[in-house]
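The values are calculated or read from the model by the stated rules, or taken from the named source; none is laboratory data. Keep in mind that what you see is a predicted model, and the values were worked out from it rather than measured. Methodologically, a virtual Cβ is constructed for each residue, glycine included, from the backbone with ideal geometry; neighbour enumeration extends over all protein chains shown. Ligands, DNA and RNA are excluded from the accessible area calculation, which covers all protein heavy atoms including side chains. Shrake-Rupley method; radii C 1.70, N 1.55, O 1.52, S 1.80 Å.
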Amino acid sequence: MSLNKFFQQTVRQFSPSISRICMRSYKHIRMLPSIQKTVASTTTALTLLTCRSIAVTSTAATKSSTHSNDTSSLYHTSQRSSSTSTSSQNASENKNHHSVIILGSGPAGLTAALYASRANLAPLVIEGNEAGGQLTTTTDVENFPGFPDGILGYDLIMDMRKQSEKFGTLFASEHVERVDFNVRPFELHTFKNTYYADSVIIASGASAKYLGLANEQRLIGRGVSACATCDGWFFKEKQIAVIGGGDSAMEEANFLTKFASKVYLIHRRNEFRASKIMQDRVFANEKIEVLWNTVLLDVLGEDTVTALKLKDLQNDKEYELQLDGLFLAIGHDPNTACFKDSGLQLDEHGYVSVKAGTVSTNIDGVFACGDVQDTRYKQAITAAGTGCMAAMDAEKFIEAQTDN
């Protein structure tokens, strides 16, 4: 094993703050001229021994002050200034304290995790209620670079997760219910735990919208769905409908024809907003019938969906359409409910506000990436790009705090 690899693997055993100091020192060592290789090797070894000494001393101090037998505190111990409050000091010694915590596990969150873990920040990803994000419900992804034959959305997410885990990313299958950005370190509360973070990357994405009809929620899972990939298989040789006019609606309608005998694509206007290539695929599919200028009034059925109550906007005529299932593809709402009263600035639609051209929020050390802050592009590739930006900015923020 090379000295470089040995050093990096070893310092990962220490607390985040000590690891950063070691790695910063090591970067300077690696810049020494080649003629000084012997000196560099010796200095590296001495640096490693010093780091071990710091870590051991830090652990001993922690045990003495807390009278705790929890040996995992070594990994999470961090240095605080004399002005830091007692509660902050206790938080820094807590096993749930991390340098970086990432909220969300879609393309943005996993890319942020990859970059943060490669920067030796040992990030924790709190996956949320929709682990993997929207991409896990997508069929063929044809516009993500590097896959000339396309790739299933679920497979892409799993590959991204494995890649971030390889470099030390930790995962928690929990959902953050409340945060407090008014204290340092930041506090994130789930149903089971309270986590502490020096920096937070918000990548919580957005969730499918529903129409709010009388029977819609009652029949979810019994004929009503917002995920064609998840539930399409249950509608073999049945008649179903898709609501929407964007690319997602076109994709779901086409995908569902693999199972259903008939797919009605219901749209309230006389034209789609979807891209031309997606529209062409719909128009060329003999199993799809478009119902223009039509709105859904309600979903009918006792135990399962049996019909839809529709209205033709051109003649105001109401009628029932007999079918077996309904899929909604009408957009998403940002997952930002947990940030209420946290001090985080949101826009009028609930998306996280960031400074133009950046992923910085109104709170130092808090960054937002992916669909939770993107009201325009909403693509996996742009989400991944902003995830990279967030991780790099978080690293710089943490380094600045350590230097101070």
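Observations on the structure shown:
- Solvent exposure of the stretch 303-404, expressed per residue, is 52 Å² of accessible area, with all protein chains present and a 1.4 angstrom probe.
- Set of aspartates and glutamates with alpha-carbon distance to residue 192 below 20 Å, sequence-local pairs under 8 removed: 70, 93, 127, 130, 174, 177, 180
- Solvent-accessible surface (1.4 angstrom probe) belonging to residue 290, in square angstrom, nearest 10: 30
- Under a 5 Å amide H cut-off, with hydrogens placed 1.01 Å from N, residue 207 pairs with 333, 335 among residues at least 5 apart or on other chains.
- Accessible surface of the stretch 128-197, 1.4 Å probe, proportion on carbon and sulfur as whole %: 48
- Near residue 256: Cβ cut-off under 11 Å, other residues only, Lys/Arg at +1 and Asp/Glu at -1. The net charge is +2.
- Between residue 317 and residue 348, the simple spin-label model (points 7 angstrom out along Cα→Cβ) gives 3.9 nm.
- The simple Förster model, with R0 at 35 Å and r as the Cβ-Cβ distance, assigns residue 173 and residue 220 a FRET efficiency of 0.95.
- Table column - 3J(HN,Hα) (Hz), the stretch 210-224, Karplus curve with 6.51, -1.76, 1.60, x for Gly and Pro: 10, 7, x, 6, 4, 9, 4, 5, 5, 9, 5, x, 10, x, 9
- Relative to the Cα centre, the charge distribution of the stretch 284-404, modelled as +1 at Lys and Arg Cβ and -1 at Asp and Glu Cβ, gives a dipole magnitude of about 340 debye.
- When the C-alpha to C-alpha distance is required to be over 24 Å, the pairs from 262/311; 162/276; 262/378; 162/236; 236/378; 166/378 that qualify are 162/276; 262/378; 162/236; 236/378; 166/378.
- Unit Cα scatterers, Debye sum, the stretch 256-404: log10 I(q)/I(0) for q = 0.09, 0.16 Å⁻¹: -0.50, -0.97
- Over the stretch 181-256, relative contact order from alpha-carbon pairs under 8 Å, at least 6 apart, %: 16
- The fraction of all Cα pairs in the stretch 331-376 landing in successive 10 Å bins from 0 to the largest distance is 27, 62, 11, 0, given as whole percents.
- Candidate aspartates and glutamates for bridging to residue 209, where Cα separation is under 12 Å - those fewer than 8 sequence places away on the same chain excluded: 333
- 3J(HN,Hα) along the stretch 271-286: 7, 8, 9, 5, 5, 4, 5, 6, 5, 4, 5, 5, 5, 8, 8, 5 Hz, from the Karplus curve 6.51 cos²θ - 1.76 cosθ + 1.60 with θ = phi - 60°, whole Hz, x for Gly and Pro.
- Sorting 205-215, 260-270, 326-336 by their mean Cβ neighbour count within 10 Å, with the most densely packed peptide first, gives 326-336, 260-270, 205-215.
- Between residue 356 and residue 180, full extension at 0.36 nm per residue minus the direct alpha carbon distance yields a gain of 60.9 nm.
- Residues in the stretch 300-310 carry Karplus couplings, in order, of 10, x, 8, 8, 9, 5, 10, 6, 10, 9, 10 Hz; the curve used is 6.51 cos²θ - 1.76 cosθ + 1.60 with θ = phi - 60°, and Gly or Pro positions show x.
- A cut-off of 5 Å between modelled amide H atoms, ignoring neighbours fewer than 5 places along the same chain, links residue 265 with 242, 289, 290, 291.
- Amide H contacts of residue 125 (H built 1.01 Å from N, under 5 Å, at least 5 apart or other chain): 102, 170, 171, 172
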